[in-house]
């Protein structure tokens, strides 16, 4: 996805996968894509805002358009540091609270009863809050050392530590993190490449990561986020069982301790052990041959049931039964529409069963003939 970026493609990707940052991945905005993936498009509001106001500018920026470049450079000359943006600040705050919340609740609630585990949870939540602040705040030509939002979130750690009876205050830690970030924010002078010395009116393209590398970064971030979110759901989701609210983790724990699961586990263990021993003796080819043989056996059994015959029936008995049932269920013998449709379905099943048994018998006869003609 290198080369000139197209506005139409950007809108298309935003439409089909904007909630997961697909359009930002296309435009080379990996950080923005990760942010959108973990917040479902900035909680939906951010994606809607982009549709109306921002996507065209993002495309121009990805193409290193001189208009966008000059606008930013003018701001850098006129302002010592980036101006305060209320919308961005609100986005930082909401993202920081969200990250801190899911991180906090990803740990077992029993840890909150102890001092050191509670401090560890609060510290992890503070790091998550600072990360949310940093990701939103450094979008575009803005930079700030991660230590500053982390310091602000660290000041809020006392408000995140609880004894299990009170709720943590993510708002205070997130607000302090965003506040100190805004105090220390600065322009990123390396966001745009140096001016090209050629006579071309276009500036030199901004180097961007390869699409595979961008996907790997997004994938790693998504995996970490998915683990934390899954843990938070596992630790806190409740289900209603006979009018009683029970945590899903308790239901899962009881399931793994149940007699049914133990029996299933033992059966699967026995099957896997037997399968491994069979593999050691016959290899993959032997396993495949056995599977194919079992499938054929099941098909033959079903065909005999359709013809109402025993599995040891002779070829003459099979042929006689096929002729008898074919005459009995031939659709031309029925005039009523419903009976005719039923007869057609039964007749087709009979024909398939007869063909199945006939083909299988011929195959076995050919194999036996080859063995007699070419004995080892």
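Observations on the model:
- Those residues of region 3-33 which are surrounded by 23 or more Cβ atoms within 10 Å (Cβ to Cβ) and touching a residue at least 40 places away in the same chain (Cβ under 8 Å), in sequence order: 14, 21, 25, 33
- From 154, 140, 132, residue being at pLDDT 95 or above, under 30 Å from residue 54 (Cα atoms), surrounded by 15 or more Cβ atoms within 10 Å (Cβ to Cβ) and out of contact with any strand residue (DSSP E or B) (no Cβ under 6 Å at 6 or more places or on another chain): 132
- For the criterion of being modelled with pLDDT of 95 or more and either surrounded by 13 or more Cβ atoms within 10 Å (Cβ to Cβ) or in a helix (DSSP H, G or I) (or both), residue 217 fails.
- Yes/no for residue 249 being under 27 Å from the mean Cα position of the chain (by Cα) and assigned to a helix (DSSP H, G or I): yes
- Consider region 81-95 and keep the residues that are in contact (Cβ under 8 Å) with a residue 40 or more places away in the chain and closer than 17 Å to residue 183 by Cα. The one that is surrounded by the most Cβ atoms within 10 Å (Cβ to Cβ) is 92.
- Selection of region 239-265 for residues being touching a helix residue (DSSP H, G or I) at 6+ places or on another chain (Cβ under 7 Å) and surrounded by 11 or more Cβ atoms within 10 Å (Cβ to Cβ) yields 239, 248, 249, 261.
- Just one of (1) within 24 Å of the chain's Cα centre (by Cα); (2) not in a helix (DSSP H, G or I) fails for residue 3. It is (1).
- Qualifying position, being under 30 Å from residue 127 (Cβ atoms) and out of contact with any strand residue (DSSP E or B) (no Cβ under 7 Å at 6 or more places or on another chain), among 271, 228: 228
- Within region 261-279, residues that are under 26 Å from residue 289 (Cα atoms) sit with their Cβ atoms under 8 Å from residues that are assigned to a helix (DSSP H, G or I), at 6+ positions apart or across chains, in these pairs: 275/287; 278/286; 278/287; 278/290; 279/286; 279/287.
- Which numbered condition residue 126 misses (of (1) surrounded by fewer than 21 Cβ atoms within 10 Å (Cβ to Cβ); (2) in contact (Cβ under 8 Å) with a residue 24 or more places away in the chain): (1)
- Residue 78 closer than 25 Å to residue 131 by Cα and free of Cβ contacts under 8 Å to residues at least 24 places away in the same chain: no
- Among the residues of region 94-118, those that are assigned to a helix (DSSP H, G or I) and either more than 20 Å from residue 247 (Cβ to Cβ) or under 21 Å from the mean Cα position of the chain (by Cα) (or both) comprise 94, 95, 96, 97, 98, 99, 100, 102, 103, 115, 116.
- Residue 314 vs. criteria surrounded by 14 or more Cβ atoms within 10 Å (Cβ to Cβ), at pLDDT below 85 and either out of contact with any helix residue (DSSP H, G or I) (no Cβ under 7 Å at 6 or more places or on another chain) or over 30 Å from residue 279 (Cβ atoms) (or both): no
- Residue check, residue 74 more than 16 Å from residue 221 (Cβ to Cβ), outside any loop (DSSP other than H, G, I, E, B) and either under 30 Å from the mean Cα position of the chain (by Cα) or at pLDDT 95 or above (or both): no
The values are calculated or read from the model by the stated rules, or taken from the named source; none is laboratory data. Note that this is a predicted model, so its numbers are computed, not measured. Ideal geometry is used to build each Cβ from the backbone, glycine not excepted, and the neighbour counts take in all protein chains shown.
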